[in-house]
1. Restricting to the stretch 42-78, give me the number of residues that are away from the ligand (no atom under 16 Å from the Cβ) and either outside any strand (DSSP E or B) or of a type in the set (S, T, N, Q) (or both).
2. Every residue in the stretch 93-108 that is more than 13 Å from W31 (Cβ to Cβ) and within 16 Å of the ligand (Cβ to nearest atom), please.
3. Could you count how many residues in the stretch 13-46 are of a type outside the set (F, W, Y), closer than 25 Å to G84 by Cα and at pLDDT 95 or above?
4. In contact with a strand residue (DSSP E or B) (Cβ under 8 Å, 6 or more places away or on another chain), closer than 15 Å to E44 by Cα and modelled with pLDDT of 95 or more: does that describe L91?
5. Restricting the search to the stretch 81-115, which residues are of a type in the set (S, T, Y) and closer than 17 Å to D69 by Cβ?
Amino acid sequence: MALAAVCLVISLLAVPAAHAVDHFVGGSQGWNQGVNYATWASSEKFLVGDNLIFNYGSSHGVDEVSQSDYNSCTAGNALNTYTGGQNTVPLKKSGPMYFLCPSFGHCGGGMKLSITVAAASTPTATPPTSPESPSTPKDSPSGAIGGSGYIDKLVLGVCIVFAGLMGFMS
Ligand SMILES: [Cu+2]
């Protein structure tokens, strides 16, 4: 039964890699003034199906805007407006997305965020890391196949058949 156990472990390692990632904007600093969001975004890997999580105080808000409004810090033509202090923004399609705080002067002071969302099926060279542990190496042996849902299902299917055979023979 040892081989079946190994098979089960491989399945458990492979399957979670396909799950959506919640990106907490700004890490522990949240959505606030005095945070470099270009630096934060450069450490994240955004994929279709992931979420952006904004946490902020009552003096702030979140507007999704066009690239030109992002560049000029124009808040009047928002594509989507979020308020209330905590928002989950689903990343539904690949391409760039732009956000800014509509409070007067905040965007000009740097409270703006641009990200590039990649298609979920794109193989990832490095697994996404959480802002709390940026230096943790993740050298999982399943990393090379973790990006493919098809391979995950294949591994799982083979394991189910294999486990069934082992149970039948023992
Ligand atoms: Cu603000």
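1. Looking only at that region, the number is 15.
2. Y98, F104, G105, G108
3. Adding up the residues that qualify gives 17.
4. For L91, the condition - in contact with a strand residue (DSSP E or B) (Cβ under 8 Å, 6 or more places away or on another chain), closer than 15 Å to E44 by Cα and modelled with pLDDT of 95 or more - is met.
5. Result: T81, Y82, Y98, S103, S114.
The values are calculated or read from the model by the stated rules, or taken from the named source; none is laboratory data. In this text the structure is predicted, and so the values were computed from the model without any measurement. Note that we place each Cβ from the backbone using ideal geometry, even for glycine, and neighbour counts take in every protein chain shown.
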